Amino acid sequence: MSSTKRAGRLTGMGLGVAAASLTIAGVLASVAPGAVAAPQAPAKATVPAKVAASAAPAYTVPKRTLGYGMSGSDVKALQVRLGALKYYAGSADGTFGVDTLEAVWAFQEVQGLLVSGKVGLWTGKALQNPKAYKSRYPHGGSLRVEVNLSTRVLVLYSGGKVALISHISSGGGYAFDCGNYGCAYAITPTGNYHTTGYIPGWVQVPLGEMYNPVFFIGTEFAIHGEPTSGPTGGGVPVNPVSHGCVRIPMDIAAFFHTMVKTTGTPVYVYR
């Protein structure tokens, strides 16, 4: 039995080896020297200016229900508001694209609303008076990452304050790669971890591709970007469907690694 198959069977026996872990060690061993980013990061997280807006502007509930594919000044106002609340990192271009959709999902998830991706009366009112995300580990480090598998969001704290809130897709809980020795299971393990490394760009694995993965359990589980097909033509799925890693939107994956120390940043994963 190959090492890959053995690892898959261990997952089936509940030993916590995710599908992604079956290949990442090999990827790390095979990349060209210097391809793996040095285990260093700025002493203070570098927050993109669009994410670091200091104050949330007043917001007016839109007169129409906003959704994917729409455009206009009301969409731009939505993007500005979501950006100020740390949910949106893109430009306020007035176009309701995938990045805006994923930011709306994250906002609705934190607010306990129906995760529809549409902004009507109830989401609009919540944007006027939003609930703050309640940290599970308020003393877990001024720079830390909290991944809430139940709410389906990742929250990054920098300087003890929320710097970013992102929608995620985590382990879907399904069985796969079944054989004589059992199955592997798509589970994102809960626990207290630290970032362990980073690989820039695309990383090809048998189960697909990962973009800018930041690992938080050895070289097995990562926070990474991964485009998917679907009605919106891309983006992280609204539901948990990964093999165990934590997927984040591509626009956020482009800079997430600059906001954390690529080794040593606390990562708390919980339900």
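From the residues Ala106, Val119, Tyr68, which one has its Cα farthest along the dipole of region 52-128 in the positive direction, the dipole being from +1 and -1 charges on Cβ of Lys/Arg and Asp/Glu about the Cα centre?
About the Cα centre, the residue reaching furthest to the positive side is Val119.
Long-range amide H contacts for Phe221: which residues qualify at under 5 Å (H placed 1.01 Å from N, peptide plane, sequence gap of 5 or more or a different chain)?
Answer set, sorted by chain and number: Phe216.
Please report, in debye to the nearest 20, how large the charge dipole of region 53-173 is about its Cα centre when each Lys and Arg carries +1 at its beta carbon and each Asp and Glu carries -1 there.
Value, rounded to 20: 340 debye.
Only Cα pairs under 8 Å and at least 6 apart count here; give the relative contact order of region 73-128 as a rounded whole percent.
Relative contact order for region 73-128 comes out at 27 percent.
All of the numbers you see were taken from the coordinates with simple rules; none came from a lab. All values derive from a computational prediction rather than experimental measurement. FYI the Cβ positions are ideal-geometry reconstructions off the backbone, even for glycines, and counts take in every protein chain you see.
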